[in-house]
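A.B. asks: This is the structure I have questions about; it appears just below.
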Amino acid sequence: MKDFTVVAPAVLTILAIPLTFSIAEGIGLGLIAASALALALGRPKSITPAGYAVAAVFFLQFFKLWPFAG
């Protein structure tokens, strides 16, 4: 795979799953990374709106922000 925007989130997901002992957290980190890379590199249409929504929910949950604070 020659496309960094695909490889980096995949590697992060593969490494995060065993390190966090959670499949959901590993996938969440991968989605957050993919969304951030797509926006940073100027290719926002490479991720669907549902992908951005799920990444936003994971971001809020990871950092204990609204509505997950408490």
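A.B. asks: Hey, among the residues in segment 35-49 that are under 23 Å from THR20 (Cβ atoms) and aliphatic (A, V, I, L, M), which one's nearest to the chain's Cα centre (by Cα)?
C.D. replies: Step by step, filter segment 35-49, then rank; the result is ALA36.
A.B. asks: Considering (1) of a type outside the set (Asp, Glu); (2) more than 17 Å from PHE59 (Cα to Cα); (3) open to solvent by 50 Å² or more (accessible area, probe 1.4 Å), say which one ALA10 fails and leave the rest.
C.D. replies: Of the numbered conditions (1) of a type outside the set (Asp, Glu); (2) more than 17 Å from PHE59 (Cα to Cα); (3) open to solvent by 50 Å² or more (accessible area, probe 1.4 Å), the odd one out for ALA10 is (3).
A.B. asks: Is there any pair linking a residue in segment 51-70 that is under 19 Å from GLY30 (Cβ atoms) and surrounded by 10 or more Cβ atoms within 10 Å (Cβ to Cβ) to one that is among the small types (Gly, Ala, Ser) and at pLDDT 90 or above, with Cβ under 7 Å and at least six apart or on different chains, and which?
C.D. replies: Within 7 Å, the pairs are GLY51/SER35; TYR52/SER35; ALA55/SER35; PHE58/GLY28; PHE62/GLY28.
A.B. asks: Restricting to segment 1-34, name every residue that is small (Gly, Ala, Ser) and over 8 Å from the mean Cα position of the chain (by Cα). Show your work before the answer.
C.D. replies: Narrowing segment 1-34 to residues small (Gly, Ala, Ser): 8, 10, 16, 22, 24, 26, 28, 30, 33-34.
Within segment 1-34, ALA8, ALA10, ALA16, SER22, ALA24, GLY26 qualify.
A.B. asks: Next question, about the same structure. Can ALA36 be described as modelled with pLDDT of 95 or more and closer than 14 Å to ALA8 by Cβ?
C.D. replies: So ALA36 passes the test.
A.B. asks: Further, regarding this structure: Does SER22 meet the test of being open to solvent by less than 70 Å² (accessible area, probe 1.4 Å), small (Gly, Ala, Ser), without any contact (Cβ under 8 Å) to a residue 24 or more places away in the chain and in contact with a helix residue (DSSP H, G or I) (Cβ under 7 Å, 6 or more places away or on another chain)?
C.D. replies: no
A.B. asks: Of all residues in segment 29-50 being at negative phi and part of a loop (DSSP other than H, G, I, E, B), which is least open to solvent (accessible area, probe 1.4 Å)?
C.D. replies: So, considering only residues that are at negative phi and part of a loop (DSSP other than H, G, I, E, B), the one least open to solvent (accessible area, probe 1.4 Å) is ILE47.
The values are calculated or read from the model by the stated rules, or taken from the named source; none is laboratory data. All of these numbers come straight from a predicted model, not from anything done at the bench. Cβ coordinates were reconstructed from backbone atoms using ideal geometry, including for glycine residues, and neighbour counts include every protein chain displayed. With ligands, DNA and RNA removed, areas are computed over all heavy atoms of the protein, side chains included. Shrake-Rupley method; radii C 1.70, N 1.55, O 1.52, S 1.80 Å.
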